[in-house]
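The values are calculated or read from the model by the stated rules, or taken from the named source; none is laboratory data. What you see is a predicted model; the values in this text were computed from it and never measured. Every residue, glycine as well, gets a Cβ built from its backbone with ideal geometry; the counts of neighbours run over all protein chains shown.
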Amino acid sequence: MSDLVVIFRTHSDVEASVVRALLDAHGIRSLVTSPVTHAVFPLNVSELAEVRLAVNAADAAEAHEIIESHRSEVAGGRVVRLRDEFEGLQTAIGYRFRDRGLLEHALTHTSRAHEDVSGGVRDNESLEFLGDAVLGFLIADLLYEDFPDFDEGHKSRAKASLVSTTTLARQAERVTLGDHLILGRGEEKTGGRRKQALLADAYEALIAAIYLDGGVDAVRGFVAREFAPLLTQVRERGLAAADHKSALQEYLQSQDRPLPEYRLAAAAGPDHHKRFLVDVLVRGEVLAQAGGLNKKEAEQEAARLALERLRENAGASQTRENQEDSVRAKAEGPPKAQERRPKD
C-alpha cells in the first residue's frame, strides 16, 4: 500500500482484530502499522501498547464510516474503547492499568482466541502460568512475615488452601471477574462465566497482568488487599481456617463423633481437565458433596461445606434449647425466696 492513512487507534488486540475483520468484510484491506509489544519491563507503555490500523488514503473516508456505523455492534468483541469497557472492573480490583491491552489479554479465554481467524487474538494461558508463580511467591512471603510461629508443614497447608482453584474462583467472583471474561461463543453458551476453573485461571492471569503493568510493588499491594480477609481468618482461627479437612476433624472430635470419611463419587472430563466429585461422610451419612480439579481440592471443599452445615445445625439446636429454657422459666414463675433460718 502507498499513501497510508491511520484510521483507527486502540490499546486492545481484540478490538483491533475485530475492526480489521470488519473492514476486510467490506473489501478494505488494512495494515497494523505499530504492532503491540508487551515487554516485561516496557520503557514507554503507552507507545508500545497502542495498535494503529492504516488503510490506503483512497479508502480512508469509507473506512471511518464503516467503523462508526458498527460501534455498538456486539459479536464476541465490541468496538468500544477499553477504558469504558473495563472501568467497573478496574474500580473493583483497585488498580488502573497503564497498558489496558494487558488487562484484555488476561481476560481472553482460549475459546475466543480459537475463533479469531486473523490469528491476532492471544489467550491468557501464558499469563495464567506467570500469575500462578507470582501468586505462590507472594502468598508464601505473606505467610512467612505474618505467621512466624507456623512450621513448614503448617505454612505449606495454608498456602495450598489459599491458592486453590476453589479459593481463587471465590476471589474472582468477589470482583465480578466472570462478567468481563472474553469468551468464545461455545464457552459462553455453556456457562463459562460461572465455571470455577475459568474464573481461577483468569484471576491468576489478572495477577500476572498487574505484575507486568505495575511491577512487584503493585501486584504485592493487590494480593495483600485481596487476601487480607482470608489471612485474618487464619490468624484468628488458626490453620483450621485454611485447612478445612483438619477443621472438620477437630470439630467432630470435640463433639465425640467419629472421624469423617471421603468417597470419590464421580470423575468426568478429559484427562487433561478432569473434574472430581467427592462425598464426605460421618457414620455413613453424606454431610456434603463438592467438586474440584483434583481429589484433594474436592475433599477440602466438601469438608468446608460439611463444617458449615454442622455449625449451622449446632447453632439452630442451641437456639431451640434457649427458647425452650425461656418458656420453661416463664411457666415455673419467679424463683421463691430462700427461707432464712432463725438465729440462735
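With respect to Arg257, is the statement that it is touching a residue at least 12 places away in the same chain (Cβ under 8 Å), surrounded by fewer than 20 Cβ atoms within 10 Å (Cβ to Cβ) and in a loop (DSSP other than H, G, I, E, B) true? Walk me through how you get there before you give the answer.
Working: touching a residue at least 12 places away in the same chain (Cβ under 8 Å): yes; surrounded by fewer than 20 Cβ atoms within 10 Å (Cβ to Cβ): yes; in a loop (DSSP other than H, G, I, E, B): yes.
Judged against the criteria, Arg257 is a match.
Evaluate the following for Ala209: is it in contact (Cβ under 8 Å) with a residue 40 or more places away in the chain and either among the small types (Gly, Ala, Ser) or within 25 Å of Ala158 (Cβ to Cβ) (or both)?
Working: in contact (Cβ under 8 Å) with a residue 40 or more places away in the chain: yes; either among the small types (Gly, Ala, Ser) or within 25 Å of Ala158 (Cβ to Cβ) (or both): yes.
For Ala209, the condition - in contact (Cβ under 8 Å) with a residue 40 or more places away in the chain and either among the small types (Gly, Ala, Ser) or within 25 Å of Ala158 (Cβ to Cβ) (or both) - is met.
What is the number of the single condition among (1) within 19 Å of Arg96 (Cβ to Cβ); (2) in contact with an Asp or Glu (Cβ under 6 Å, 6 or more places away or on another chain); (3) at pLDDT 75 or above that Ala49 does not meet?
Every condition holds for Ala49 apart from (3).
Yes or no: Phe137 more than 16 Å from the chain's Cα centre (by Cα), buried (at least 20 other Cβ atoms within 10 Å of the Cβ) and at pLDDT 90 or above?
Against the criterion (more than 16 Å from the chain's Cα centre (by Cα), buried (at least 20 other Cβ atoms within 10 Å of the Cβ) and at pLDDT 90 or above), Phe137 does not qualify.
Checking Pro148 against (1) modelled with pLDDT of 90 or more; (2) under 19 Å from Ala208 (Cα atoms); (3) out of contact with any Phe, Trp or Tyr (no Cβ under 7 Å at 6 or more places or on another chain), only one condition comes out false. Which one?
Failed condition: (2).
How do the pairs read when you match residues in region 122-146 that are in the same structural domain as Ser111 (by TED's automatic domain parsing) with residues anywhere that are β-branched (Val, Ile, Thr) and part of a loop (DSSP other than H, G, I, E, B), using Cβ under 7 Å and keeping only pairs 6 or more apart or on different chains?
Leu135/Val163; Gly136/Val163; Ile139/Val163
State which residue is nearest to Ala202 (Cα to Cα) when the search covers only region 102-120 and only residues that are aliphatic (A, V, I, L, M) and touching an Asp or Glu at 6+ places or on another chain (Cβ under 6 Å).
Of everything passing the filter in region 102-120, Leu102 is nearest to Ala202 (Cα to Cα).
For region 164-183, name all the residues that are modelled with pLDDT under 90 and over 14 Å from Leu206 (Cα atoms).
Scanning region 164-183 gives Ser164, Thr165, Thr166, Thr167, Arg170.
Scanning for something under 23 Å from Lys195 (Cα atoms) and at pLDDT below 80, does region 291-307 turn up at least one residue? First the steps, then the outcome.
Initial filter on region 291-307 (under 23 Å from Lys195 (Cα atoms)): 291-306.
Filter once more, keeping what is at pLDDT below 80: 293.
The answer is yes; a qualifying residue exists.
To keep it simple, each residue is scored yes or no on (1) assigned to a helix (DSSP H, G or I); (2) surrounded by fewer than 20 Cβ atoms within 10 Å (Cβ to Cβ); (3) hydrophobic (A, V, I, L, M, F, W, C).
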{"residue": "Tyr144", "(1), (2), (3)": "yes, yes, no"}
{"residue": "Arg157", "(1), (2), (3)": "yes, yes, no"}
{"residue": "Ala172", "(1), (2), (3)": "yes, no, yes"}
{"residue": "Ala197", "(1), (2), (3)": "yes, yes, yes"}
{"residue": "Tyr203", "(1), (2), (3)": "yes, no, no"}
{"residue": "Leu206", "(1), (2), (3)": "yes, no, yes"}
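Tell me which of these Pro148 doesn't satisfy, since it passes every other one: (1) over 26 Å from Asp217 (Cβ atoms); (2) outside any helix (DSSP H, G or I).
(1)
Do we find a residue being outside the structural domain of Ala306 (by TED's automatic domain parsing), closer than 27 Å to Leu307 by Cβ, within 20 Å of the chain's Cα centre (by Cα) and basic (Lys, Arg) anywhere in region 231-252?
No, region 231-252 contains no residue that is outside the structural domain of Ala306 (by TED's automatic domain parsing), closer than 27 Å to Leu307 by Cβ, within 20 Å of the chain's Cα centre (by Cα) and basic (Lys, Arg).
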